[in-house]
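Have a look at the structure below, then the notes.
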Amino acid sequence: MWFRSSLPVIRNQLKPEKAQARLVRNPSSAMAARPLADEDERLCAEMEKSSLSEPQFPPPFLPGRPLSGELHVERAWAHWLRLGAPKFIVAPIVDNSELPFRMLCRNYGAQAAYTPMLHSRIFSENEKYRTMEFTTCKDDQSLFVQFCANDPEVLLEAARFVEPCCDYVDINLGCSQRIARRGNYGAFLMDNLPLIKSLVEKLASNLHVLFPVKYGFFLA
């Protein structure tokens, strides 16, 4: 059983004061790193406190309305706090992340979970595929639904099917398997940044739920 403790991509866009709490890699002495360590502890305590209290949410988002960078970050962070700021997240696992496995993981402490990667074109066109590959229940929260896609309109159509019953719609830009190469999705879209931009913009302008992006790092 694999668990991944992480925040979505938006964690890297937190306010500067939250992002400054980092330890240097090679401090000249233990004393040099201590103030930053204290700052880390203070921020963690504030986060835990805020997750227990009623957060101050930004104005509601209306699809089609452009968001400034600051408002987007505020909305994303507020949504994460609404979910209780989950720390233990079950990553998507091929042929294993269906509902029974997700519920098993939740019984052992998982606070959020991904579905398996769903093919956006087949999902949007085939009702049988939707019925077989995507199931959920009221206790299956917080839920990330992951799609592979290379067409913004098709991705949006697929996402709208799951939007009412999930907390995030995830775009897979990290799969490096041969099937992803053949289908032109996952990690093999990383060479086509304009297409990635159009996928992100299409969801950002039309969905009420937020969407993280799974991606990988590539060495030249």
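Answer yes if at least one residue in the stretch 164-187 is more than 24 Å from LEU99 (Cα to Cα), without any contact (Cβ under 8 Å) to a residue 40 or more places away in the chain and hydrophobic (A, V, I, L, M, F, W, C), and no otherwise. Looking for residues that are more than 24 Å from LEU99 (Cα to Cα), without any contact (Cβ under 8 Å) to a residue 40 or more places away in the chain and hydrophobic (A, V, I, L, M, F, W, C), one finds at least one in the stretch 164-187, hence yes. Filtering the stretch 188-199 to residues that are in a loop (DSSP other than H, G, I, E, B) and in contact (Cβ under 8 Å) with a residue 24 or more places away in the chain leaves only MET190. Residues of the stretch 201-220 that are at pLDDT 70 or above and either part of a helix (DSSP H, G or I) or out of contact with any Lys or Arg (no Cβ under 9 Å at 6 or more places or on another chain) (or both): GLU201, LYS202, LEU203, ALA204, SER205, ASN206, HIS208, VAL209. Among residues that are more than 20 Å from the chain's Cα centre (by Cα), surrounded by fewer than 21 Cβ atoms within 10 Å (Cβ to Cβ) and basic (Lys, Arg), LYS128 is included. Would you be able to say whether some residue in the stretch 139-148 is out of contact with any Ser or Thr (no Cβ under 7 Å at 6 or more places or on another chain), crowded, with 18+ Cβ neighbours inside 10 Å and over 20 Å from GLY84 (Cβ atoms)? There is no residue in the stretch 139-148 that is out of contact with any Ser or Thr (no Cβ under 7 Å at 6 or more places or on another chain), crowded, with 18+ Cβ neighbours inside 10 Å and over 20 Å from GLY84 (Cβ atoms). Just one of the listed residues (PHE123, PHE101) is of a type outside the set (Lys, Arg), in contact with a helix residue (DSSP H, G or I) (Cβ under 9 Å, 6 or more places away or on another chain) and part of a helix (DSSP H, G or I), and it is PHE123. Could you check, for the stretch 168-177, whether at least one of its residues is of a type outside the set (Lys, Arg) and in a helix (DSSP H, G or I)? Checked the stretch 168-177: no residue is of a type outside the set (Lys, Arg) and in a helix (DSSP H, G or I).
The values are calculated or read from the model by the stated rules, or taken from the named source; none is laboratory data. Remember, predicted model here, so these are calculated numbers, not experimental data. Counting neighbours? That spans all protein chains shown, and the Cβs are built from the backbone with ideal geometry, glycine included.
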